[in-house]
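I have placed the structure first, in the form of structure tokens, so that the comments after it can refer back to it.
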């Protein structure tokens, strides 16, 4: 699990049982119903819409997303030096069918 030093943000995956996880999930203490489109789970204190189904646009979430990016890069750097095979599998997979975390 990798954390950002100034925000309560974590990026995690199970290294010992990694099976090409397609996408992880966004968590705000509890899982949301959307995928991250990254092969990791992200837990952060995001602000949610009134239905608690997606993130609010703007607000403090933009700063939290920057912290998530930093934590994810720290994970990639760590994996590059400790597990190069898994390092390449952790890069995001791009697809035309991806929806946004915002809706």
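Read-outs throughout are calculated quantities, based only on the coordinates presented, and are distinct from any laboratory measurement. Please read these numbers as outputs of a predicted model, since none were measured by experiment. Every residue, glycine as well, gets a Cβ built from its backbone with ideal geometry; the counts of neighbours run over all protein chains shown.
Which condition breaks for residue 83 when tested against (1) over 15 Å from residue 11 (Cβ atoms); (2) touching a strand residue (DSSP E or B) at 6+ places or on another chain (Cβ under 9 Å); (3) surrounded by 11 or more Cβ atoms within 10 Å (Cβ to Cβ)?
(2)
Looking at segment 49-62, which of its residues are surrounded by 12 or more Cβ atoms within 10 Å (Cβ to Cβ) and either touching a helix residue (DSSP H, G or I) at 6+ places or on another chain (Cβ under 6 Å) or farther than 17 Å from residue 37 by Cα (or both)?
Of all residues in segment 49-62, those surrounded by 12 or more Cβ atoms within 10 Å (Cβ to Cβ) come to 49, 54-57, 60-61.
Across segment 49-62, the qualifying residues are 49, 55, 56, 57, 60, 61.
Could you list all residues from segment 25-60 that are free of Cβ contacts under 8 Å to residues at least 40 places away in the same chain, in a strand (DSSP E or B) and touching a strand residue (DSSP E or B) at 6+ places or on another chain (Cβ under 8 Å)?
If the condition is that a residue be free of Cβ contacts under 8 Å to residues at least 40 places away in the same chain, in a strand (DSSP E or B) and touching a strand residue (DSSP E or B) at 6+ places or on another chain (Cβ under 8 Å), then 25, 27, 28, 31, 32, 35, 41, 42, 43, 48 are the ones that fit.
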